[in-house]
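Step one of this worksheet: look at the structure below.
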There are 2 protein chains.
Amino acid sequence: MNSEGFEALLARASAPAQGAHAPAIDLSHHLSDVSRARETSPLKLFQKYFNKPGLIGLAGGLPAPAYFPFTDISSNILVHNSFPSSTSPESTFSWLWKLLGAKEKTTSISVPKFATRPEDINLATALQYGLSSGLPQLNKLVKDFSKKVYQPAYENWTTLLHAGNTDAWNKVVLTLCNPGEGVLVSRWTYPSAMATMKPYDIQPVTVDIDAQGMRADALREVLANWDEAARGMPRPHVLYTVPIGENPTGTTTGLQRKKDIYQICVEFDVIIVCDDPYYVLQEGTYIPKAQREVRASETDEEFIASLEPSYLKIDYQGRVIRLDTFSKTMAPGCRLGWYTCNEMFAERIERAAETSTQAPCGFSQSLVASTLIQWGEPGFMRWLKGLRVQYTLRRDFLVDCFSEEFQLTSAAGSGLWTGCQVYNASPRTRPSSFFNEKMPVAKPLFSFVPPTSGMFVWLKVHLADHPDYETVGVKELESKLFIELAEAGVVMGPGFMFNPTDDWSDVTSGHFRVSFSNGEKEDFKKATTIFGRVLREFMSA
Amino acid sequence: MNSEGFEALLARASAPAQGAHAPAIDLSHHLSDVSRARETSPLKLFQKYFNKPGLIGLAGGLPAPAYFPFTDISSNILVHNSFPSSTSPESTFSWLWKLLGAKEKTTSISVPKFATRPEDINLATALQYGLSSGLPQLNKLVKDFSKKVYQPAYENWTTLLHAGNTDAWNKVVLTLCNPGEGVLVSRWTYPSAMATMKPYDIQPVTVDIDAQGMRADALREVLANWDEAARGMPRPHVLYTVPIGENPTGTTTGLQRKKDIYQICVEFDVIIVCDDPYYVLQEGTYIPKAQREVRASETDEEFIASLEPSYLKIDYQGRVIRLDTFSKTMAPGCRLGWYTCNEMFAERIERAAETSTQAPCGFSQSLVASTLIQWGEPGFMRWLKGLRVQYTLRRDFLVDCFSEEFQLTSAAGSGLWTGCQVYNASPRTRPSSFFNEKMPVAKPLFSFVPPTSGMFVWLKVHLADHPDYETVGVKELESKLFIELAEAGVVMGPGFMFNPTDDWSDVTSGHFRVSFSNGEKEDFKKATTIFGRVLREFMSA
């Protein structure tokens, strides 16, 4: 053996195996009183006897599967490559109407009541009372996905199915927070998540944001200067974030920002709850129509590498609880998703599920699992790539509509949008036929940053320029504009809904959340035209 | 007009229309702090614009149905008359194996993504975000069922879909109770319901029971003599009951008892939460095999009239919250059921659902609704009649097995089982071949009342006769017997699990809950034989 070989052997023997990580640190002091008080459901004591061969179980109140009326369920599902995986010129025409036409290709899945092979998904099991962690087959599929795509940076992480991110967050709130506590959230954030926690007297503590979402420096300031007496609550130990395509601002938190925030959370011992429904809808930078180029297809590895890493990837202590959902990758009515988090939190959440939602719906679990199995892992990746392209086309089309209705000028951002490409939208300069000359470009009416992820464009309407701004106030003006838009035929999400507090002192603009997730092209065109007309009239009133 | 006709006319004009009821009284003072603090989810503000024709909605974050992979779902379901509706000699042979053979008849249901008629169930709606009250079509079906079968005695009752009774109870607890309060429950009761409320520091307050479940006199005594200081909590204002085939005791509360309890609840202002999963599994009185006669088929009206009335039928004030589930009438994995209660409670519970579970799973809602539509209302009634017969055959067979393994002597009950047919089970008298004479009947080993409803036989094992009773104690002996049974190959539900308190001072027997809901005939036969052998050895140890 030559010396080089010997050294290499030694190096291999002493280095940790590739991908090996340390276990999570002890974070059990974060559990709420309610969570600590949860005992293992007494009925689960029988669990250890359930699989003993030959044993006759007369303990559980399980109805006989013979009485389930459903002898099988089946579904025709779209093939995994139903949507183009690249933004070729052809793909822009494929949006929506192609799908509704004759070209839709499907494949079928079927779940029998009784399967021949025990490892196959069957209704006798899926529709019976079962483990709150979910069908083992589906739990394995999502665990494999989390491992491949999110790559948690510690050893003893696990996954647990849940009944959708809203209920998943509800369970996390009850697992981590006591009444009277606060949760760190972005200055503008998802109202349903706030409505979940506020009735338990768990209040939002806002952290300022910029183009990447929550600001690390602002987070540090809040935590470092926490005044328990002035705030009326202990320093928060839970942070809620939608890191990719935040709802409503559309902002996306990059890796360095995530590292900065994570380190602050290590320093101040904060648990990060990462509600990430838009993770795969990462559309990338908006390129104006004229300069737009075809985006090529990607391998799975290129696709995963092109996505902003999850907080899990830097979570070496196990302090991230990640919420994933099938609501955006399949359908909201699945009411199905999964937690990826450390085993200690997963165990406590599973106990909470046992005495409330139990397992997610068996139809949903078996149909979603069968779809994933039918497509295969590469097929599911291909499906996600297709969705990403669809949302990219939608985002592009909506921003294009704004650029046609308004005079967009690209500018370096300030404040909320520091350092990113801000579009200032002014009334379009139109050739005047009477004077046969161009009108000067007017003052911008609103600004926005084309989102790089998610479903939403967040418009910042310059209401400070409205004649009644001083007398009426920004909140009232925003509501007035919302109503005028609705009466003219367009509903956009009014910004006031996304203010997690009653504080308006730092708000000088109106906001509207515009969703491009649904609707037809002509809707976007018509909506932006109406918006332009109503806004111009409103601002010059 | 003759005077008789005139008086009749006057009487008709002044009397309330047949079936008309008064509205619910104001019960809003029962709401918990958490429930009062719930605001309408801000996103629902848009709801009123959603159905305006021609309006372009860019406010909601709804994914386009074109991206739902499921283009349809379908299922082969058992025909509504798959099980015999009478206990004819033929029907006893039909139990289970007939179903698994070639004779199983099915019909098919199918739900398309897009339906031609807007009133038809479709996946574009069922799999989209929707009303937390559930699909309107399904909500109407269950409301019609509640009206026909439960017949609430006040005007403004309503129904609301939920994700199974366990979560429904969880939401009721959070809607009605503050931490530190107590809930009235039967002395032996369903452990999962207790495990749901205890972590919120809501403790069970037990009320003694007899053969009809909770005793009215015992309830009055608890409420009338409530000592807040001694009990360490205010007088309870919520009562939890499983009135039909109570879990675990199998007891059923008759109409007069219900009226007595209801009036006490009126007097002491208590809300009755009626968890009633076994409602249609009303098997009736057990008749020993030799005397058993054929039970004839029934019309729907006879069937409904034969069922113990629900608490709703006497609820003239709107203080009953009834929980129904499809877990026993279809399958537990549906995770689907409904509340029947007054509008005020329904509204608060719906708000709670919006920020947690949202709507029940769309697959489940659409498949269950399609099944109900396919069968039609008479078909569903026929299905329920068939299930009742199946559970009757199962109950009969299990009790028959006990009567073959033991010497059963029927006796008037005492204590828990006052006034009903108690079977005392002694070791079977066997002819002795050696002495050619019969052994005397030994002392009874256990007693039980054949249940008239539900899934469970509740055995009262006379552990006071065990040699170690005084030294070891009843709880330890019961656990010891449970383990010996499990090691011999049978698991029965040990009584200690169903004690909602740590109080054992009034317990002198061991208990086992034996479920006849699942398993094959030979399992019951084998299990009772093993039970006989192990129990005889155990008691003579």
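The values are calculated or read from the model by the stated rules, or taken from the named source; none is laboratory data. Model, not experiment: these values are computed from the prediction. Cβ atoms come from the backbone with ideal geometry, glycine included; neighbour counts cover every protein chain shown. Ligands, DNA and RNA are stripped out before the accessible areas are found, and what is left, the full protein with its side chains, is counted by its heavy atoms. Shrake-Rupley method; radii C 1.70, N 1.55, O 1.52, S 1.80 Å.
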Requested in this report: With a cut-off of at least 1 residues that are at pLDDT below 60 and within 12 Å of chain A (Cβ to nearest Cβ), name the helices (runs of 4 or more DSSP H) lying wholly within the stretch B:13-95.
Outcome: B:47-50
Query raised in the report: Does B:VAL474 satisfy the condition of being farther than 27 Å from B:VAL389 by Cα, surrounded by 23 or more Cβ atoms within 10 Å (Cβ to Cβ) and away from chain A (no Cβ under 14 Å)?
Result: no
Query raised in the report: Which one of the conditions (1) modelled with pLDDT under 95; (2) farther than 20 Å from B:VAL449 by Cβ; (3) hydrophobic (A, V, I, L, M, F, W, C) does B:CYS265 fail to meet, given that it meets all the rest?
Result: (1)
Query raised in the report: Quick check, is A:PHE498 in the same structural domain as A:ASP465 (by TED's automatic domain parsing), open to solvent by less than 10 Å² (accessible area, probe 1.4 Å) and within 18 Å of A:PRO450 (Cα to Cα)?
Result: no
Query - Enumeration of residues in the stretch A:268-307 that are under 18 Å from the mean Cα position of the chain (by Cα), open to solvent by 10 Å² or more (accessible area, probe 1.4 Å) and within 14 Å of A:SER86 (Cβ to Cβ) - result: A:GLY284, A:SER306
Report summary line: Note on the stretch B:126-165: residues crowded, with 24+ Cβ neighbours inside 10 Å and assigned to a helix (DSSP H, G or I) are B:ALA126, B:LEU138, B:TYR150, B:ASN165
Report task. Output the number of residues of the stretch A:489-541 satisfying the condition of being aliphatic (A, V, I, L, M), without any contact (Cβ under 8 Å) to a residue 60 or more places away in the chain, out of contact with any Phe, Trp or Tyr (no Cβ under 7 Å at 6 or more places or on another chain) and closer than 30 Å to A:VAL207 by Cβ. Result -> 1
Report summary line: In the stretch B:407-422, anything out of contact with any Ser or Thr (no Cβ under 6 Å at 6 or more places or on another chain), at pLDDT 70 or above and either closer than 17 Å to B:GLU522 by Cα or not small (Gly, Ala, Ser) (or both) is listed as B:LEU408, B:THR409
Query - Set B:ARG295, B:ARG257: member being among the basic types (Lys, Arg), assigned to a loop (DSSP other than H, G, I, E, B) and under 26 Å from B:LYS328 (Cα atoms) - result: B:ARG295
Report task. Would you mind finding the one in B:ALA229, B:ALA168 that is part of a helix (DSSP H, G or I), among the small types (Gly, Ala, Ser) and open to solvent by 20 Å² or more (accessible area, probe 1.4 Å)? Result -> B:ALA229
Query raised in the report: Has the stretch B:308-328 got any residue that is among the aromatic types (Phe, Trp, Tyr), touching a residue at least 60 places away in the same chain (Cβ under 8 Å) and open to solvent by 30 Å² or more (accessible area, probe 1.4 Å)?
Result: yes
Query raised in the report: Do we find a residue being without any contact (Cβ under 8 Å) to a residue 60 or more places away in the chain and open to solvent by 40 Å² or more (accessible area, probe 1.4 Å) anywhere in the stretch A:190-201?
Result: yes
**Report entry** Qualifying residues in the stretch B:171-182 (those that are touching a helix residue (DSSP H, G or I) at 6+ places or on another chain (Cβ under 6 Å) and open to solvent by less than 10 Å² (accessible area, probe 1.4 Å)) - the one nearest to B:ARG348 (Cα to Cα)
**Finding:** B:THR175
